[in-house]
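See below for the structure under consideration.
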Amino acid sequence: MRDETLRGRTGALAAVALLAACGAAAQIRPPSVGRVTPPGAQQGTTITLSLEGTNLAEARAVLFDDAALSGWIVTSEDLGPDVPERDPESTGAPIQDRARKFRLKVDVSVGAKVPLGRHSFRLLTPLGTTNTATLLVGRVPEVAEVEPNGPPGGPQALTLPATVNGVLEKDDVDRYRFEARAGQRLVFEATASRIGSTLDPVLRVMDASGHELARSRGSARPDAMLAHTFAADGSFVVEVSDVLHGGGPGYFYRLTAGELPYIARVFPLGVRRGAAVTVQAYGDNVAEGPASVDAVGLAPGESSARVRVESPRGEPLNSIDVAVGDDREAEEREPNDLAHAEPIVPPLTVNGRIDGATGRDEDVFRFHATRGQALVFTVMAARLGSPLDSVLEVLDASGRAVPRATLRPVWQTTVDLRDHDSMGNGMRLVSWSGLRPGDFLYVDRELVRVDELPAHPDADVEFVSLRGRRLAFEETSPEGHALSTPAYKVEVHRPGSTFPDNGMPLVTLYYRNDDGGGSYGKDSRLSFVAPATGEYLLRLRDSRGLSGPDFAYRLTAAEPRPDFRLSLGTSAPNVPRGGRVPVNVAVERYDGFDGAVEVEIVGLPAALQATAGTIPPGASSAVLTLSAAEDVSLDASVPFKTVGRARIGGRVVEHEGKPDAPLSVVSIMSPPDLYMASVEPRQLEVEPGGRVKVTVRIRRANGFAGRVPVSVQNVPFGVHIPDVGLNGVLITEKEESRDFYLVADPEAAPLEQTLFLTGRVETNSSLPTDQASEPILLKIVPKRTAASR
């Protein structure tokens, strides 16, 4: 990687210069990259990028995700203070953070062998690394849009193949004129969302008189794609517009057009590990026939392989990966409806399609299970680009739904304030007086578990979640819930259980799953425990009743394989000299694994220190910390990784955490605006039903005088913070400390847990600005008897 940056001052002096230029009356905003122009480049070329962002003074390196890409900063232009426009409906105090706008010119060398597609990069600055920015790499010549190129003016002339980098202005459409031959099939692809654009593109192809020949349609893939075979020689026009007729600086795009190979789909969607096999490829300007997949020699952690398609016109415009599995593979055989269920014997992966010749289709498989036998059925479809939105159900031999559990409501409330979507981790309820952390709440076909109760009347009840999205239990699926929907606190009992009538309805859950949640997304996952020895049916269909030749899937049936997967909430933490930052590690649990996971950060240089921790049984995350001494001399970004270990089935299983974004690096930055100076006491001891006082003190620096919201991390079930008011635990502009209490529920079990307090420096940025305290040990001790007092 070349590092020909603007030199002459050290990073520390540059940070001081930035602070002075911005003034010292408020907190400093993290460095960030916004617009990248042009958003892509051709293989084997060198281009100049224009980068717009904030707080990029003395950026000194460009970090790419591939060694065949390299960049160096040529010029840096200070565009003055960045003061975001205030929302006229906002009632809060405006944030006055120290931020300056910059425009950088960066030369980038794109190697001839750089993989086609999306690549990520960051800038390294004295304030740490930026967010990830995107650069797309293509294989055809690149040109820039030249205005005017829409009505009332004429279209811009284009020689195919080409990639055009353009922007739709307000009330604008962009048109390009090209030549085509009779029988020629041209592919047009508009890329927008994948490069951070607001544009939702629509493509139209017209003849010279303006008659529409073809229009792009919605698809499972992002952005817009269109292929058309021309009936005659001539001049034609392709038009780019926004589906809602929007426009502006954020409506940029890349339009690639030409007689280019494009892979629309493949079948099957996966292969068995250790085999070199062929799959059927379908697309444009590719011979519809066998394509190769080499799954030999894949590392144990690799779960996908690239499809290799031969074409006389070169490498396809896009790429497709298929899944790699470890079980026997088979293809679905029609007919396989309820009357002709196809027999299967787990473990097995079935490759099939929901493609009914007469409309609505469903595939049904017959399997045998003994009483108490556990099986897990998983679908891979949407995750592999299929439009299928699967639903799985287990039926008895006669086709009746098999009960899974009985939910007994014991308390009732109502969804309040607003409608709630299926993604958030909380809901506003009319009352929560009958709830405790760990309780189950049933809301309109979705079973959730309470994680944290509101600290004040204007807060949501928060539920157990993974990476900010709530989890549904007993394999119900997260759904949207309307205002005033009933919500029931429930007990989960065996199916068929009966109880005295308490005026609230009993609910029977069946073995059915729509969305698997977590990393499964819209793909289904269903665990089944046979209530009796016999034959059962597994039905797979699309939740909307849709079908077609591209509605492909992989259905795996196997006994449970308990396991876990780690993910990082922060892929590129910036650690201040003399400071400490939190790193959130989340765990997704599979097939009944509910044990503790020990996590640690590894691969760090001696200049950085990290804490280790444990994700307790039943919990979904833990916070670790990274810290650096005030005199640390490290002046570069370094890779790091997080490792988790758990005991499963008598053996230790180890997995590396997956970051939430590419380029997982840690960097040292200039000293922070905020220090979590102390927490007292450092060891907290509390009995069930008791409470303990905590005092947190902060130290401000660099003229920072803002308020500091404080959060407590790694709080276990059964512990909460009461009576902290509308703003939570908040240290105001005039304060340097705050007292609050931790309360243990009367039913809280004895435990020891490491906590951290984090303080947030509020800025006009979504990038993390939290600073963490030193670790605190919380002990819940058994309640002492009167004789022991």
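Observations, loosely collected:
- The number of residues in segment 472-498 that are surrounded by fewer than 20 Cβ atoms within 10 Å (Cβ to Cβ) and part of a loop (DSSP other than H, G, I, E, B) comes to 14.
- Residue in segment 293-305 that is part of a strand (DSSP E or B), open to solvent by less than 40 Å² (accessible area, probe 1.4 Å) and touching a residue at least 60 places away in the same chain (Cβ under 8 Å) present: no
- Condition met for G314 (of a type outside the set (F, W, Y), open to solvent by less than 60 Å² (accessible area, probe 1.4 Å) and assigned to a loop (DSSP other than H, G, I, E, B)): yes
- Scanning segment 327-338 for residues that are open to solvent by less than 30 Å² (accessible area, probe 1.4 Å) and farther than 23 Å from R544 by Cβ yields one hit, D327.
- Residue within segment 240-258 that is among the basic types (K, R), assigned to a strand (DSSP E or B), open to solvent by less than 50 Å² (accessible area, probe 1.4 Å) and at pLDDT 85 or above present: yes
- In this structure, V350 does satisfy being surrounded by 22 or more Cβ atoms within 10 Å (Cβ to Cβ), outside any loop (DSSP other than H, G, I, E, B) and on the phi < 0 side of the Ramachandran plot.
- Test: residue in segment 616-629 that is surrounded by 20 or more Cβ atoms within 10 Å (Cβ to Cβ), hydroxyl-bearing (S, T, Y) and under 23 Å from T378 (Cα atoms): no
- Contacts under 7 angstrom Cβ, first residue in segment 532-554 being on the phi > 0 side of the Ramachandran plot, partner assigned to a loop (DSSP other than H, G, I, E, B) and open to solvent by 50 Å² or more (accessible area, probe 1.4 Å), 6 or more apart: G534/A397; G545/R360; G548/D355
- Being touching a Pro at 6+ places or on another chain (Cβ under 8 Å), open to solvent by less than 50 Å² (accessible area, probe 1.4 Å) and hydroxyl-bearing (S, T, Y) is a description that applies to S567.
- Taken over segment 354-391, residues that are at pLDDT 95 or above and of a type in the set (S, T, Y) amount to 3.
Residues checked against (1) of a type in the set (F, W, Y); (2) touching a Pro at 6+ places or on another chain (Cβ under 7 Å); (3) at pLDDT below 95; (4) open to solvent by 60 Å² or more (accessible area, probe 1.4 Å):
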| position | (1), (2), (3), (4) |
| --- | --- |
| A20 | no, no, yes, yes |
| G23 | no, no, yes, no |
| A57 | no, no, yes, no |
| A67 | no, no, yes, yes |
| E77 | no, no, no, yes |
| E85 | no, no, yes, yes |
| P88 | no, no, yes, yes |
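- As a summary of the residue check, S633 satisfies the conditions (1) touching a residue at least 12 places away in the same chain (Cβ under 8 Å); (2) surrounded by fewer than 17 Cβ atoms within 10 Å (Cβ to Cβ); (3) more than 28 Å from T763 (Cβ to Cβ); (4) not hydrophobic (A, V, I, L, M, F, W, C) except for the one numbered (3).
- V652 passes every criterion in (1) open to solvent by 50 Å² or more (accessible area, probe 1.4 Å); (2) among the β-branched types (V, I, T); (3) in contact (Cβ under 8 Å) with a residue 12 or more places away in the chain apart from (3).
- Within segment 172-187, none of the residues are among the hydroxyl-bearing types (S, T, Y) and surrounded by fewer than 21 Cβ atoms within 10 Å (Cβ to Cβ).
- V114 being part of a loop (DSSP other than H, G, I, E, B) and open to solvent by less than 60 Å² (accessible area, probe 1.4 Å): yes
- The listed residue being of a type in the set (V, I, T) and outside any strand (DSSP E or B), out of T556, T570: T570
- Some residue of segment 213-227 being open to solvent by less than 40 Å² (accessible area, probe 1.4 Å), farther than 25 Å from D284 by Cα and part of a loop (DSSP other than H, G, I, E, B): no
- Pick from segment 426-436, criterion in contact with an Asp or Glu (Cβ under 7 Å, 6 or more places away or on another chain) and at pLDDT 90 or above, ranking: farthest from V448 (Cα to Cα): V430
- Within segment 609-640, the set of residues being outside any strand (DSSP E or B) and of a type in the set (S, T, N, Q) comprises T611, S620, S633, S637.
- Number of the condition not met by A341 [criteria: (1) over 30 Å from P261 (Cα atoms); (2) open to solvent by 80 Å² or more (accessible area, probe 1.4 Å)]: (2)
- Picking from residues in segment 408-431 that are over 21 Å from G468 (Cα atoms) and touching a Pro at 6+ places or on another chain (Cβ under 9 Å), the one that is most open to solvent (accessible area, probe 1.4 Å) is Q412.
- Contacts under 6 angstrom Cβ, first residue in segment 602-622 being without any contact (Cβ under 8 Å) to a residue 60 or more places away in the chain, partner of a type in the set (F, W, Y) and open to solvent by less than 40 Å² (accessible area, probe 1.4 Å), 6 or more apart: G603/F640
- Candidate set from segment 90-120 (those that are of a type in the set (V, I, T) and modelled with pLDDT under 90); member that is farthest from F64 (Cα to Cα): T91
- Test: A397 is over 30 Å from D501 (Cα atoms) and either touching a Lys or Arg at 6+ places or on another chain (Cβ under 9 Å) or of a type in the set (K, R) (or both): yes
- Only strands (runs of 3 or more DSSP E) whose full extent lies in segment 657-771 are considered here, and the ones with at least 2 residues that are surrounded by fewer than 18 Cβ atoms within 10 Å (Cβ to Cβ) are 674-680, 683-686, 691-700, 708-713, 737-744, 751-760.
The values are calculated or read from the model by the stated rules, or taken from the named source; none is laboratory data. Bear in mind that the values here come from a model prediction, so they are computed numbers and not experimental data. Using ideal geometry, Cβ is built from the backbone for each residue, glycine included, and neighbour counts are taken over all protein chains shown. Quick note on the areas: whole protein, heavy atoms, side chains included, nothing else; ligands and nucleic acids left out. Shrake-Rupley method; radii C 1.70, N 1.55, O 1.52, S 1.80 Å.
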